[in-house]
Structure formats: C-alpha cells, structure tokens
Amino acid sequence: MAEQPLITTLVVGPLQVNCYLVACPASRDALVIDPGDEGERIAAAVRTAGWRVVGIVNTHGHFDHVGANQTLVDATGAVLLIHERDLPLLQKAQLHAQVYGLRAAPSPAPDRLLQDGDQVAFGTLSCEVIHLPGHSPGGIALHCGDHLFCGDVLFAGSIGRTDLPGGDHRTLVEGIRARLWPLPGETIVHPGHGPDTTIARERLSNPFVAGLVD
Ligand SMILES: [Zn+2]
Ligand SMILES: [Zn+2]
C-alpha cells in the first residue's frame, strides 16, 4: 500500500473553514490547504508538529479559504498555489469579505498557477489536482493516496452553493459525477466545511448529485 499522509485539521474563522495540514511522514514536508483565517494559530500548529511547509494551496479563491495566505507565506516562506481560473477571486477576496461584513487580509500573488492533472509534491508524496468548476471557476480537489481535499465542491450530504459569481450547478454536479464518483469508495473526503465523509457514502446517498436528470 502506498504511504499515506499525516493530516491535521484546524477549523478557522467566522465561516468555520477546515484548514488542513498534510504532511509526508518520511520527510516531514507539508502542505497547508486553505489557510482561511487565524494564520498565527495555523503557523503555531505547524511548528508544534515539527513540519516544514513546502506549499500553501487554496482549493479556490473565496475569501474564507485564503484570508491567512499572507501570514502563512510570511511564517513559512512556502510557495502559494491556486488554479489559474480563480486568480480573479483571489485578487478580490478582501472586497468579497467586506460584502459579508467580514475581513480578509489581502493575499500575496500566487507563485504557481495550477491546472487539471498537475502534481503538488511534498516529500515523497504528492497530490493530484482535479479541476472541479461550478462552485467557483477554478475550484480544485487535491487527491493524495486515500484522501481527497475538495474545498467547497462536495460536503457530507451536500454540495457547494452555485449562486455566487462564476457558479454553475450543472457543471458542479457533472464534475462530481465524472471525476469523483470513479474514485475508490473508501477514499476519505475532507471538505472545506463540516465533517469528513467518504466517496462511497456520498455516491450512495448525496441527494444533490443523485437528483440530476440527464
Ligand atoms: Zn467557497
Ligand atoms: Zn467556503
């Protein structure tokens, strides 16, 4: 069996985003996925674990997932990665937070723009980028071993909202069916909000995906 990553989850900010620390057990190199807020707390958790952050990845550009990018870049010196089609959202994150009466620090510019099929390496492990538009144009899931980090694409018993600018319900549902349902059923799904689930459970019972009429 392939080596599996070490995973720590921190729930951050007023919108309760799941920020994931994902580390290679052999090298202790790590990724930070969606540092949405509370950057100092995330950086402290990385230090306590004794991990070296080699990449900061945003599953998409919504402000609640990117608000602590600057703090994490400053604390770790790691490169920042996001799908190319969510660059406009990243650049406007501060503005979007204000619409909700919330605050997000401006993000630094990304160092690398991701595309479908890219690999994001950390130590001897790597995540494959799966482009899943529909919640946002450049939404991605990161697939690593038995784990899938899917941002606001798929939740336990639900899917991401599609009423925000650039959202599209049919595109989101079709992407989930075409790209996520073929994954092994035991794959553990780590969403951007709320509890973990599995591909098997969602494939069987997620009402928002099963309900689409072809
Ligand atoms: Zn979102
Ligand atoms: Zn979100």
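The values are calculated or read from the model by the stated rules, or taken from the named source; none is laboratory data. From a predicted model like this one, the values you see are computed outputs, not experimental measurements. For neighbour counting, all protein chains shown are included, and Cβ atoms are generated from backbone atoms with ideal geometry for every residue, glycine included.
Here is how the numbers come out for the structure above:
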{"item": "Strands (runs of 3 or more DSSP E) within segment 134-195 that include 1 or more residues under 13 Å from the mean Cα position of the chain (by Cα) and small (Gly, Ala, Ser)", "result": "140-144, 147-151"}
{"item": "Exclusive hit being at pLDDT 95 or above, farther than 22 Å from Phe122 by Cβ and of a type in the set (A, V, I, L, M, F, W, C), set Leu102, Leu87", "result": "Leu87"}
{"item": "Residue check, Thr59 over 16 Å from Ile188 (Cα atoms), modelled with pLDDT of 95 or more and buried (at least 24 other Cβ atoms within 10 Å of the Cβ)", "result": "yes"}
{"item": "Test result for Val213, at pLDDT below 95 and either under 28 Å from Val12 (Cα atoms) or exposed (fewer than 15 other Cβ atoms within 10 Å of the Cβ) (or both)", "result": "yes"}
{"item": "Residue selected from segment 117-133 under the condition of a type in the set (S, T, N, Q) and in a strand (DSSP E or B), by the criterion surrounded by the most Cβ atoms within 10 Å (Cβ to Cβ)", "result": "Ser126"}
{"item": "Count of segment 117-133 residues which are in contact (Cβ under 8 Å) with a residue 24 or more places away in the chain and touching a His at 6+ places or on another chain (Cβ under 7 Å)", "result": "3"}
{"item": "Hits in segment 78-116 - residues which are basic (Lys, Arg), outside any loop (DSSP other than H, G, I, E, B) and under 14 Å from His62 (Cα atoms)", "result": "Arg85"}
{"item": "Qualifying positions in segment 157-169 - within 12 Å of Glu202 (Cα to Cα) and within 16 Å of ligand 1 (Cβ to nearest atom)", "result": "Ser158, Ile159"}
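Let's see how each residue does on (1) among the charged types (D, E, K, R); (2) closer than 22 Å to His147 by Cβ; (3) away from ligand 2 (no atom under 16 Å from the Cβ):
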| site | (1), (2), (3) |
| --- | --- |
| Gly13 | no, no, no |
| Asn18 | no, yes, no |
| Asp29 | yes, yes, yes |
| Arg41 | yes, no, yes |
| Asn58 | no, yes, no |
| Val66 | no, yes, no |
| Thr71 | no, no, yes |
| Asp74 | yes, no, yes |
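For every residue, the table says whether it meets (1) within 16 Å of ligand 1 (Cβ to nearest atom); (2) within 23 Å of Arg52 (Cα to Cα); (3) among the polar types (S, T, N, Q).
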position	(1), (2), (3)
Val99	yes, no, no
Pro106	no, no, no
Phe122	no, yes, no
Asp146	no, yes, no
Thr171	yes, no, yes
Gly175	yes, no, no
Pro182	no, no, no
Glu186	no, no, no
